[in-house]
Amino acid sequence: MVSKKGAMYFEPKTKAATRRYVIERANGCCEYCMSPQNYSEAYFAVEHIIPKVFDGKDDIDNLAFSCLGCNWHKAVKTVAIDPLSKETVALFNPRAQAWTSHFAWSEDFTEMIGHTPCGRATIIALKMNREFLKNQRLAFAKLKIHPPKHSLITA
Ligand SMILES: [Zn+2]
């Protein structure tokens with residue numbers, strides 16, 4: 001099948017195949033806070049970037065892999081306020097935007113830093129520097145399993 005952008009992509013036929021595809025595409029990490037699924041007891045969500053209540057589709061172009069915390073805090077939000085400019089901006093869209101264009105890690109890799117209005121607003125809206133995540137990142141960094149390599153590659 002051909003996507004809207006013209007590139008060929010795999011179109012999963014079942015819910016299970018869709019989930020496997022979304023996990024693989026995300027390198028097994030939450031596409032917002034970069035938490036790794038394989039170190040979590042809870043199954044991460046395949047979430048709708050544009051929520052279904054706003055007519056978001058089930059297409060793989062509208063799906064993202066999300067830890068339960070990010071999914072919970074995102075809920076049906078699509079916009080948030082940039083704490084710097086105070087402007088309302090669209091939340092980060094993992095299908096349309098590169099993570100590294102909007103986010104970076106603090107020097108000790110425990111906190112996410114927003115480089116753009118979108119990045120800053122998304123960090124606040126999804127509470128991506130919540131205490132649990134900062135503690136987990138600290139421990140994972142000591143074990144050399146954080147940050148994920150794909151969060152360090154500049155787009
Ligand atoms: Zn997350």
Which of E107, E24, E41, E47 has the fewest other C-beta atoms within 10 Å, and how do the rest follow up to the most?
E41, E107, E24, E47
For D108 and I81, what is the calculated FRET efficiency with R₀ set at 25 Å and r taken between the beta-carbons, to the nearest 0.05?
0.40
Rounded to two decimals, the Debye log10 I(q)/I(0) of the range 17-99 (Cα scatterers, no solvent) at q = 0.14, 0.21, 0.22 Å⁻¹ is -0.46, -0.99, -1.07
Debye, to nearest 20: dipole size of the chain, +1 on Lys, Arg Cβ, -1 on Asp, Glu Cβ:
200
Set Lys and Arg Cβ to +1 and Asp and Glu Cβ to -1, take the dipole of the chain about its Cα centre, and tell me which of Q97, H73, V46 lies farthest positive.
V46
Of every Cα-Cα pair in the chain, the percentage lying beyond 29 Å is 15
Packing-based ranking, highest mean first, of 61-74, 79-92, 123-136 given that Cβ atoms within 10 Å are counted
61-74, 123-136, 79-92
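All of the numbers you see were taken from the coordinates with simple rules; none came from a lab. Here the structure is a predicted model, which means the values were calculated and not measured. We place every Cβ from the backbone using ideal geometry, glycine too, and count neighbours over all the protein chains shown.
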